[in-house]
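A short worksheet on the structure shown next.
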Amino acid sequence: MNKYLLIVLLLGVLVNSESCRRRHLSHSSGSQPTATVSTPTSLTTTTPDSSVADRPTPVRPVDSIATTPRPTRPGIEEARANVAEIDFRFLTAKSKISFKSPNQDIDNANINIRVRKDSLIWLSVSKLGIEAVRGLITRDSITIIDKIHKEYSVYDFPTLSKQFNFAMNFELLQALIVGNLPLPKRPAQKIKNERDYLLLRQSEGKVLVENYIGEQDRKLKKLMVTEQPTKNTLRLDYEDFTSLNNFLFPYTSLVTLDYQSRTDGQFYQTLLRIKHNKVELVDKTPGFPFTIPASYQRRP
């Protein structure tokens, strides 16, 4: 598995970074692939990345200010009703990404993200003006094109879930990119006050998810994901909240992954930071161009 899949997954899922050690530099001598992957829309013209200074000044919505005292231990229904989530048709983001693991160090690369709600996540990673990777996440699979090595890889969610000891799906990735709750809200969830947060605990199989929600603005501020048997943990901190189409959107996300390698039993840490320069919620499709050249080799 190549490093670019790991970057995509670290945008919102618990991963086992030891898979990066299996990077193959030689090309297979097998037949050339002929299939292409495409979407019905085409690329539209975009403007250059905006600077951070161009972003609007962070504003707390008026309706987030408490007008009546809240109980010290809010009920389940109150917390569920007041978690402020982002709704949209299409999302586009121009961002900077930094990534550091025991084997890789990527500093300040450019990443463009496009999301069609509940359907597609499109990513393009470039450095020094050259596109290195393009990725497409659908409800069924993740496809990564490595333009530097002229290779591509296709992964399905059930296989990745088994490999990473975590139930992965499209909804999870989408929620974590935009700062929404990663798991569906269900009854019988444990909620309590934790300093300035409402702590909402959820479980999915062997995974415990702890959502730290701001008491005043009801936004997801911090996320802790723990895989119970191994105690591998992922922490996601949302920062730099800014008003966006009447929503509060986190313009900075920091992912810290602490895990024990299955290969040597040692403990490692991987860090990922993404800083959005420009984010838009739009009604018109931005386009999701994605075609695999016939000359590219498919990696196993």
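The values are calculated or read from the model by the stated rules, or taken from the named source; none is laboratory data. This one's a predicted model, so the numbers in the text were calculated from it and none came from an experiment. Counting neighbours? That spans all protein chains shown, and the Cβs are built from the backbone with ideal geometry, glycine included. All accessible areas refer to the heavy atoms of the entire protein, side chains included, with ligands and DNA or RNA removed. Shrake-Rupley method; radii C 1.70, N 1.55, O 1.52, S 1.80 Å.
Quick notes on this one:
- The separation of segment 251-300 from segment 201-223, counted between C-alpha centres, amounts to 21 Å.
- Couplings for segment 240-255, taken from phi via the Karplus curve 6.51 cos²θ - 1.76 cosθ + 1.60 with θ = phi - 60°, read 6, 5, 9, 5, 9, 6, 6, 10, 9, 10, x, 7, 10, 10, 10, 10 Hz in order; Gly and Pro are left as x.
- Accessible-area ranking of E239, E151, largest first, probe 1.4 Å: E239, E151
- Surface exposure of segment 88-293, expressed per residue as accessible area with a 1.4 Å probe, stands at 43 Å².
- If you bin all the Cα-Cα distances of segment 88-293 at 5 Å, starting from zero, the percentages per bin are 1, 6, 13, 17, 21, 19, 13, 7, 2, 1, 0.
- When a 1.4 Å probe is rolled over the protein heavy atoms, the share of accessible surface on segment 88-293 that falls to carbon and sulfur comes to 49 percent.
- Listed pairs K192/K231; K127/K275; K127/K284; K206/K231; K94/K275 exceeding 19 Å between Cα atoms: K192/K231; K127/K284
- When the trypsin sites (Lys or Arg not before Pro) in segment 112-221 are filtered for DSSP coil states and for at most 11 other beta-carbon atoms within 10 Å of their beta-carbon, the remaining sites are R195.
- Relative contact order of segment 88-293, defined on C-alpha pairs under 8 angstrom at six or more residues apart (%): 20
- Sparse packing (at most 16 other Cβ atoms within 10 Å of the Cβ) combined with a DSSP loop state is found for the following trypsin sites (Lys or Arg not before Pro) in segment 253-299: R262, K284.
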